[in-house]
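Right, one structure below, let's go through it.
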Amino acid sequence: MAPEVKVYALSTCIHCKKAKEYLDQCGVKYDCVHVDQLTGQERKDMVEEVKKLNPSVSFPTLVVNGETIVGFNQEKIDEALKK
Amino acid sequence: MTPEKLYEALKKIQEPKGYFFNPDMSMTMPLMESLLINKDRLGYMACPCRLANGEFEADRDIVCPCEYREADVAEFGACFCGLYVSKAWLEGTIEKVVVPERRPVEKILW
């Protein structure tokens, strides 16, 4: 079963870019949203969505097979992908 | 202003203060570009790795170099972005970790 991966990112953030590059290297498909490019209510709603997963609303915030990973942490991504 | 020019200008100012640029140019140069993007987009160099509010007064703490750099470099050897690093970080005498967010979440207004 293909892993389910969501990436909450910022278009200017290098850790977000590196995390996505790593997922690409692993051949993992993911859904990415650049929160800094959202505006108005959509942005407010997205910030709330991230806050539920990661109270400090820092980026990247990844959800890999249901597990939230804050920051680009390669080991944690590897472990979560194995599940 | 090009990323390279920004890099040279900042290096001269920051290194004497003990803040060195991350030697990994695949980190540092995109961050120089992002600072220039934020300068164009917002009018000030908001931290590329944080969600800026878009108003200078509300983002004063994350205008690069951010208010959190000193504490982060002291504790982890690197700022949140991994742009500025300490001598110890450069020399590999401290462990390289993912720097957690120090900015209070209440500072994100929308």
Of the residues in the range A:35-77 that are of a type in the set (Val, Ile, Thr) and more than 16 Å from residue B:105 (Cα to Cα), the one that is most open to solvent (accessible area, probe 1.4 Å) is A:39
From the list B:78, B:74, which residue is more than 13 Å from chain A (Cβ to nearest Cβ) and modelled with pLDDT of 95 or more?
B:74
In the range B:80-94, which residue that is assigned to a loop (DSSP other than H, G, I, E, B) and out of contact with any Cys (no Cβ under 7 Å at 6 or more places or on another chain) is most open to solvent (accessible area, probe 1.4 Å)?
B:93
Looking only at the range A:16-34, and only at residues there that are part of a helix (DSSP H, G or I), in contact with a helix residue (DSSP H, G or I) (Cβ under 9 Å, 6 or more places away or on another chain) and open to solvent by less than 80 Å² (accessible area, probe 1.4 Å), the one that is nearest to the other protein chains (Cβ to nearest Cβ)
A:18
Against the conditions (1) basic (Lys, Arg); (2) at pLDDT 95 or above; (3) under 19 Å from residue A:16 (Cβ atoms), where does residue B:60 fall short? Just the number, please.
(3)
Please verify whether the range B:52-72 includes one or more residues that are open to solvent by less than 20 Å² (accessible area, probe 1.4 Å), touching a Ser or Thr at 6+ places or on another chain (Cβ under 8 Å) and part of a loop (DSSP other than H, G, I, E, B).
no
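The values are calculated or read from the model by the stated rules, or taken from the named source; none is laboratory data. Computed from a predicted structure; not experimentally measured. Reconstructed Cβ throughout: ideal geometry from the backbone, glycine too, with neighbour counts over all protein chains shown. For accessibility, only protein heavy atoms count, side chains too; no ligands or nucleic acids. Shrake-Rupley method; radii C 1.70, N 1.55, O 1.52, S 1.80 Å.
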